[in-house]
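Structure record follows, encoded as structure tokens.
The values are calculated or read from the model by the stated rules, or taken from the named source; none is laboratory data. What you see is a predicted model, and the numbers here were worked out from it, not measured in a lab. Positions of Cβ are backbone-derived with ideal geometry, glycine not excepted, and every protein chain shown enters the neighbour counts. Surface accessibility is based on the protein's heavy atoms, side chains included, excluding ligands, DNA and RNA. Shrake-Rupley method; radii C 1.70, N 1.55, O 1.52, S 1.80 Å.
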Amino acid sequence: MLITKKIDTPESRALLTPHLLKLAELFKANHYELRVAGGAVRDVLMGIIPHDVDFATTATPEQVKDMLTNAKIRMINANGEKHGTITARIDDIENFEITTLRIDVTTDGRHAEVEYTQDWQLDANRRDLTINALFLDMEGTVYDYFNGIEDIDHRRIRFVGDAVQRIREDYLRILRYFRFFGRFAHDNAVHDEQTLKAIRENVDGLQDIAGERLWIELKRIAEGRNAGPILRVMLEQQIGPYLGIPSDADSNQIEDHWQQCHQAKPHDMTILTKLFRNIDELGKFDQRMKYSNDCRRLSQLIVTYRDSLSVLDSSSIDSLKPYKDLLVDLIINDPTAKDRIVELLKYQHYLIEAEQLSKWILPRFPVTGGSLASKGIKQGPNYKLILNELRENWKKSHFQATESQLIDEVLPNILDNLINTNDTTTTKTKQSANASCSLPKKRKEKE
Ligand SMILES: Nc1ccn([C@@H]2O[C@H](COP(=O)(O)OP(=O)(O)OP(=O)(O)O)[C@@H](O)[C@H]2O)c(=O)n1
Ligand SMILES: [Mg+2]
């Protein structure tokens, strides 16, 4: 049964930009209907300004194109046309994605073959959740066919009609269900048992969904509200293996992990890496998902250092010393290493220390190539070795040693050691070491 509700809120007013009103006038003049559809209406009703706004219309794509062409309004992104979406760009500033009302005739669980309609209810029927099946016209009337407004008020996440059918139309909806549940449901809300059953009985459909799409949803779940309880329930429905997560991943442990670090706003990978016991398990996840190099580097760093590094006890001068040392080592090749080490601390539930490290500014290592050159050391294979040794000494000094201390007091010992090492090598390696060693002249003579 159709329910309508008139709204006039700051969020609904924010939607009606001058550009949109201009577009709406054009549709009206041509006797077509235009409404805001789906997620944006949901957001407005929840008092959120939507990040993207989709429009639905009774006009066919051809009719929209003709109308926009006649009105000299530019269209972009021709790709959408095959799904019935035309994107209008008004005054070269604002884009509007306008999709013709449609029925999904056949679906293979990923893509749909569509038929256009002028019936708003038929379009609402094919949408995933009741809270996402709403329309809003330009006069501020919300059109609700499935009690979506009431579900928003009660923060209930329900599929439109038959959950099994909705899931089989697009299996990604399993993850969308959990994403919206995490985002909107009350903290102690329980899942509807029938919905969970529909999910459990259809999880295998996720195997044909592309890693990119899965990752977009999983990432938003992991960084979203209530990620711990949501991930636990997801694993309990045996979703894990379809996402590259081990089938025996500990669902209580992931919830507990999230409980202990979520207030520090951890990266999604800082949450998810808890699911993997070793690099091999992480590698399987990496193959199934399509995520950024940044995500990959973070999860690998966590797995590599989570057991070997820990915060020193409070009696030590600097309890973060091991992490600072790691930063010195990693930053040589990676200027963004600090963010990842801060995440490692969050992963290990050292939240205060994570905050401390993020505020800490790594002093500049005072020795440069120029400092070595001034002592007659030229670039060569030993150069890196010498710099590394100096850096180790700088680390030992808690980053206090100055350039002159390192060059005048530490460097001579390093050079002596290098020469002694060269002395004990076989003649062959000794020769090659000498040939390539760029130690200062004086010291070579001493040798
Ligand atoms: N698998 C999907 C994806 C989308 N939709 C419908 O298309 C709308 C727009 O989709 P999208 O922008 O991807 O999601 P939103 O619900 O708007 O959520 P978000 O805030 O993340 O944009 C949804 O509200 C819903 O009505 C759907 O039924 N099934
Ligand atoms: Mg949206």
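The table below gives the values:
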quantity: Order of exposure, largest accessible area first, which applies to 257, 19 with probe 1.4 Å; calculated: 19, 257
quantity: Longest to shortest principal axis, alpha-carbon extents of the stretch 170-266, angstrom; calculated: 35, 26, 23
quantity: Residue-count net charge about residue 21 - beta-carbon cut-off 13 Å; Lys, Arg +1, Asp, Glu -1; calculated: -2
quantity: Acute angle (nearest 10 degrees) that the helix 381-396 long axis makes with the longest principal axis of the chain, alpha-carbon atoms; calculated: 80
quantity: Rounded FRET efficiency, nearest 0.05, which uses the C-beta distance separating residue 73 from residue 164 and R0 of 45 Å; calculated: 0.60
quantity: Of 22, 284, 65, the one that fluctuates the most in a GNM where the chain has Cα springs shorter than 10 Å; calculated: 22
quantity: Compactness relative to 2.2 N^0.38 Å, alpha carbon Rg of the chain; calculated: 1.36
quantity: At R0 = 60 Å, FRET efficiency that the Cβ-Cβ distance of residue 388 and residue 253 yields, to 0.05; calculated: 0.95
quantity: Accessible surface, 1.4 Å probe, highest first, among residues 186, 267, 191; calculated: 186, 267, 191
quantity: Principal-axis tilt of helix 279-288 within the chain, Cα atoms, nearest 10 degrees; calculated: 30
quantity: Mean Cβ count within 10 Å, highest first, over the residues of peptides 174-181, 202-209; calculated: 174-181, 202-209
quantity: Magnitude of the charge dipole, the chain, Cβ model with Lys/Arg +1 and Asp/Glu -1, debye to 20; calculated: 1840
quantity: Dipole magnitude (debye, nearest 20) for the stretch 57-124, charges at Cβ of Lys, Arg, Asp, Glu; calculated: 220
quantity: Relative contact order %, the stretch 162-305, counting alpha carbon pairs below 8 Å whose residues are six or more apart; calculated: 23
quantity: Exposure of residue 62 as accessible area (Å², to 10), given a probe of 1.4 Å and all protein chains; calculated: 100
quantity: Residue 114 accessible area, assembled protein chains, probe 1.4 Å, Å²; calculated: 40
quantity: Kirkwood-based Rg to Rh ratio, the stretch 30-145, C-alpha trace; calculated: 0.95
quantity: Cα shape, the stretch 306-359, gyration tensor, a/c 1.5 rule; calculated: prolate
quantity: Max mean-square fluctuation residue, GNM over the chain, Cα-Cα springs under 10 Å, options 384, 197, 338; calculated: 384
quantity: Net charge of neighbours whose Cβ lies under 13 Å from the Cβ of residue 206, counting Lys and Arg as +1 and Asp and Glu as -1; calculated: +2
quantity: Accessible carbon and sulfur surface of the stretch 224-346 relative to its total accessible area, %, 1.4 Å; calculated: 47
quantity: Separation of the residue 7 and residue 307 label points, Cα + 7 Å toward Cβ, nm; calculated: 5.1
quantity: Segment residue 358-residue 16, length gained on full extension (0.36 nm per residue, minus Cα span); calculated: 119.0 nm
quantity: Flagged links, alpha-carbon separation over 29 Å, of 82/197; 6/197; 197/284; calculated: 82/197; 6/197
quantity: The stretch 2-79 versus the stretch 114-151: alpha-carbon centroid distance in Å; calculated: 14
quantity: Helix 227-236 vs. the chain, principal-axis angle (Cα, 0 to 90°, nearest 10); calculated: 80
quantity: Contact order normalised by residue count of the chain, Cα under 8 Å, 6+ apart, percent; calculated: 9
quantity: Residue-normalised accessible area of the stretch 1-145, given per residue in Å² at a 1.4 Å probe; calculated: 49
